[in-house]
Every structure is written in C-alpha cells, then in structure tokens.
2 protein chains.
Amino acid sequence: MIIIPGSNSQDLAFRVAKLTNSKLARVESKRFPDGEIYVRVHDDVKDEDVVIIQTQNRQNDGIIETILLCDALRDEGANSITVVAPYLAYARQDKKFNPGEPISIRALAKIYSDICDKLITINPHETHIERFFEIPFIYGDAVPKLAEYVKDKLNNPIALAPDKGAIEFAKTAAEILNCEYDYLEKTRISPTEIQIAPKNLDAEGRDVLIVDDIISTGGTMATAIKLLKEQGAKKIIAACVHPVLIGDALNKLYAGGADEVVGTDTFLSEVSKVSVDDVIAKLLR
Amino acid sequence: MIIIPGSNSQDLAFRVAKLTNSKLARVESKRFPDGEIYVRVHDDVKDEDVVIIQTQNRQNDGIIETILLCDALRDEGANSITVVAPYLAYARQDKKFNPGEPISIRALAKIYSDICDKLITINPHETHIERFFEIPFIYGDAVPKLAEYVKDKLNNPIALAPDKGAIEFAKTAAEILNCEYDYLEKTRISPTEIQIAPKNLDAEGRDVLIVDDIISTGGTMATAIKLLKEQGAKKIIAACVHPVLIGDALNKLYAGGADEVVGTDTFLSEVSKVSVDDVIAKLLR
C-alpha cells in the first residue's frame, strides 16, 4: 500500500502511512500561474494499491486535485485506488430542497465512482448518501477519539447532544466517559425567548460535554452553552468531528461560556487538536 | 432552447440568448458560508434542450458549478444538455510531460462526457484534445472577430503570428485585413541576446497586428513588440482570443511598446473588449 498525500492532508497522510507501515509517496503539487492545479506523483505505483488522503476543506480545489491525482495514478498502472476524504465536501447537499437544485453529493459521488475503487470518509452528516456511490462507501467514527481527548478534563460529567438527531454521538461519548447522556431540547417560552436544557438530566453542578458531528455557524450551540451555564453547569467543552467553524463561530462559542472547543483534523481550524489518523488506519487494514 | 448562465458568463449568456432568440433562465448562484457552491435553476427545463454557458476563468469553481448545474438539469428532465465553455480550463495539460502527471484535460473530458451531451469551446489551444471526449466536441474560431475589431485601427498592416505554430491565426486575420501575413522567428545572436523578426516580411513603416490564441505571461510577446518597434514598426496591436494575462503581463506588453492589447470575453480581463457571443450563437444554430 502506498499513501498519496493530497495537498490538504500532508501531515495526516504522513501519520497514516506510519500507522499502517506504508510507503508515503512524494507528490509534487503547485499552482500554475493562471490558477490551475499541477500535480505529479514521483513514485512508481504500478500494480500497487494506492490510498489518496485528501480532506476537502478547500472544497472545490480539493475535489479537482483528487480528480487529477486519480487520473495520474490510474494511468501509471495502480492496482486499486482508495480515496480517503475525511471531510467530504457537499455531503450536506444530499437532497433536493427545492426544484431546480442539484443533489450535489450525488453529482460528485458519480465522479468518485468513476475515478476510484473505494471511498472512505469520517462521520458523514447523513449516511444515506451511501446510495449515490457505485463503489464501497466506508465511514469511520471519530467521536470516541474526541471522548478520549476530554476524558481527563471533565469531572462527574454528562454528555449532551445538541439535538435529538445527534443522540448517538452523546451515547458513544458517554460510554467512554462512563457517564450519563442526554440531548438538548429547545423550547420557545415567548416570541423572543427560547429555553434550551437537557431533556431528562440536570446540568447543575456538572461538567458538560456537548458533542456533534459538525459545528458550522455555532449559533445554536453558543446559546445552549450560555443557558447551560445559567442552569449551573460548571466546565463545558464543545466537541465536534468537523470544526468547519464559519466566520466568528469560535468566538461565539467562547463568548457563550465554553471552556474549550475541540475538533479533529478532518477540517483545518484553530481547534483541530485530535487526529483521525488511527480511525483511518483501522479502516485501511 | 433555454440558455443557462453560469456565474462566470452572465452577460455573455444574455447576449447569446438574444442572438439565438432563446429564453434566458434565471439561475440562482451563491456560496454557502463554508465555501461550497449553491445553484438553483428557477425555470422549468423538462424536455427542453438546455445550453449552459460558463467560461472557466475561475477554473476549479467554474468546473464544479458546471457539474452541479448538469446534475440539476438532468434531474429536472432536460432533453439535452450542451456545455459551452468558451475558455476550457486545463486544456493545456493535454499530455503527460513527465511520469506521474495526470492528463488533466482527459480527466475532465471524461466527466463532461458523463454529465452533458455536447461540449462547445472557443479556440482550444490543441484541437487533438477532442479525442478525450466521448461526446461531440465542437469549437469556434474567434480570430476573425479580433481582426474585425482592429481593421479600422491599422493602416497598411501586416499580420504576424508569434511563432510558426500559430501561423493560421495570422492567416485568418490577414484575410479580413486584406494584408500580408507572416510569423515571428526567434534567433539567438549571443548567449544573452535574441533577435525576433518576421520570417519573410519587413515591419519597417508598417502597422502590425500580432495575433495568438492565448496570452499568458506575455513575456515573449513583449520582447517581440519591443524589437518590432526597433525595426521601425509603427502602431502595434497585440490581440488574443483568451486574455489570461497572468500577473503583470499587460503592463509588460504596454511597457514593450504595444499601442493596444485586445482579447475576447472568453476570459475576464481589462482588455476583454470583443465578444464571442455570435461565434457561440452560430455554433448553437
């Protein structure tokens, strides 16, 4: 197996190569002055099983680079091509919300199905997107790694999901933290006021882990943190797999009262402190 | 026929729609805060022949938007999808210059062949790329439009190609200008000095049109302009179909002595003064 680093995941690729005792390829990647991407794989990949590791936080550029890498690898006679996209761009455009819209992840899944033999990602927002792929679509769960990371930082904690749909993340984390879990319920108490509180538990006097797959704008989570503090919560850590953290999201969370925000290296951010290296390595074995 | 404007070619699409008496669709296009592209076609395209007009000067974004538009149009039941990419990104990565490189235009041609029924472009740098397409690949020539544009600006002109390979452009322009044509020959006269002059003609006392398909860095053309002026050329106009004009290229050309630089609207630039609207309209009829 040869690990092919995309330009977005050079460090992650290095670590996955070590964990899997694989060769790390030398991939030259640059921009032509007009903005087009140039890539070149400097290693012989003939008859090899190759694994491209390329997260898609620079979405369109990451996708095009992956397409070009697959072309080169196929042409050089690779035996199989696996694309690892820890953060899979456009995965949230997974249905037609209005007429005339694309199902963006379907369009891209069709392309991946043509250019590679297997796609691996981490915590896709909706797992039903698997049906758009004509190749094996495999995903890992990085929530246990987040739970391990916060384990020694929290006393007598509860694990909370930001909504009912995310309850599995809280459950997974709670198993590792050996604690109770719940989800946050939002109640409108007046036209201008909402209450957010754990559905069944009480946050008073407890450390809290709020865990989700992705934090984008961070708006609702910041409000939840503020209200949990008012309810007497002590330390609050907000954890997510994909720290997309658009614009001022991180500041919102800290201003809301978060004691720490943590994410993984599926998406480049200031808080990408936990690596999914071993989650990927396990899926490659 | 319904014209679908890509976000890079909203004006061009409007004009092509007028020239072909076609309906111009309303296409909503924006960015999600995380950088992903959102598009929505607001018109009913069921059973219609649709034509996406999207030049690819913002290369990767233009390609991804086109992929998403094709997905939406196919899903809404369009009868046929034609993609017009006046400037076709990655067309110059048309062969493997070194092992381990992709043939980028081949990778993209494969995608276009899957998502649409016909591809139209203007003056592709190499026409042999047609073989990578499994759909009709049709191209127009915008050099006559450049020649028409400069016709009344030049007296007793000669039309020059910047090199032997581009001689057809000079020939095409010369037919419209009703003048002689030639190509520029580069001779090394010392380790540090080169001479560039028309192979057979004399520029002295003549107005000059230099015409090429694309100007990228403009380096050689700027040198040629400087040397032609030294040879006694009067007015010099540098014309190209695709004014890619990387970085300070335009300044180089004017500093070299060009009296005007002109290109078409296949690529957004300060000198995109000539429209390929009717060249495209003709190919659509």
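Per-structure values
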| quantity | calculated |
| --- | --- |
| Closest-to-axis residue of chain B (Cβ criterion, axis taking B to A), whole Å | B:60, 2 |
| For the stretch A:90-136 and the stretch B:15-77, distance of Cα centres in Å | 20 |
| Charged-residue dipole, Cβ positions (Lys, Arg, Asp, Glu), the stretch B:2-140 about Cα centre, Debye nearest 20 | 440 |
| With Cα atoms, 0 to 90° folded angle of helix A:104-115 axis to chain A main axis | 30 |
| Phi to ³J(HN,Hα) by Karplus 6.51 cos²θ - 1.76 cosθ + 1.60 over the stretch B:45-60, Hz, x for Gly, Pro | 10, 4, 6, 9, 8, 10, 10, 7, 10, 8, 6, 10, 6, 8, 4, 5 |
| Positive-end residue, the protein assembly as shown charge dipole about Cα centroid, Cβ charges, pick of A:32, B:279, A:246 | A:246 |
| Amide H partners (placed H, <5 Å) of residue A:78, local residues excluded | A:47 |
| Hz values of 3J(HN,Hα) by residue in the stretch B:228-233 - Karplus curve (6.51, -1.76, 1.60), Gly and Pro given as x | 5, 4, 5, 7, x, 5 |
| Distances in nm from residue B:246 to the matching label points in the other copies, shortest first (labels 7 Å along Cα to Cβ) | 3.4 |
| Dipole magnitude (debye, nearest 20) for chain A, charges at Cβ of Lys, Arg, Asp, Glu | 400 |
| Label-point separation, residue B:278 to residue B:47 (7 Å along Cα→Cβ), nm | 3.5 |
| For chain B, built as a Gaussian network whose Cα springs stay under 10 Å, the top-fluctuating residue of B:102, B:144, B:162 | B:102 |
| All-pairs alpha carbon distance profile, the protein assembly as shown, 10 Å steps from 0, percent | 3, 16, 21, 21, 17, 12, 6, 3, 1, 0 |
| Cα shape, the stretch B:143-274, gyration tensor, a/c 1.5 rule | oblate |
| Cut-off under 5 Å, modelled amide H: who pairs with residue A:180 long-range | A:159 |
| The stretch A:233-270-the stretch B:247-284 distance, computed between alpha-carbon centres (Å) | 47 |
| Most fluctuating residue given options A:101, A:168, A:130, as computed from a GNM of chain A linking Cα atoms under 10 Å | A:101 |
| Calculated label separations, residue A:186, copies of the chain, 7 Å along the beta-carbon direction, nm | 6.2 |
| Rule-of-thumb Rg ratio for the stretch B:105-184 [Cα; 2.2 N^0.38 Å; N residues] | 1.40 |
| Nitroxide proxy distance, nm - points 7 Å out along Cα→Cβ at residue A:26 and residue B:38 | 4.5 |
| Using distinct alpha-carbon pairs, which all enter the 1/r mean, Kirkwood radius of the stretch A:37-112 in Å | 13.6 |
| Cα-based shape type of the stretch B:2-140, given that a ≥ b ≥ c are square roots of the gyration tensor eigenvalues and the cut on a/c is 1.5 | prolate |
| For the stretch A:158-164, 3J(HN,Hα) per residue [Karplus equation, 6.51 cos²θ - 1.76 cosθ + 1.60, θ = phi - 60°, Hz, x = Gly/Pro] | 10, 10, 10, 8, x, 7, 4 |
| Residue B:80 paired with residue B:155, simple spin-label distance in nm, labels 7 Å along Cα-to-beta-carbon | 5.0 |
| Which listed pairs, of B:23/B:273; A:145/A:226; A:18/A:164, have C-alpha distances above 28 Å, in listed order | A:18/A:164 |
| Cα point-scatterer Debye curve for chain B, base-10 log of I(q)/I(0) at q = 0.11, 0.13, 0.16 Å⁻¹ | -0.68, -0.89, -1.19 |
| Only Lys, Arg (+1) and Asp, Glu (-1) charged, at Cβ; the protein assembly as shown dipole about Cα centre in debye | 420 |
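Values quoted throughout were computed directly from the atomic coordinates according to the rules given, and no laboratory measurement underlies them. Bear in mind the structure is a predicted one, so any value in this text is a computation, not a measurement. Neighbour counts are summed over all protein chains in view; Cβ atoms, including those assigned to glycine, are modelled from backbone coordinates with ideal geometry.
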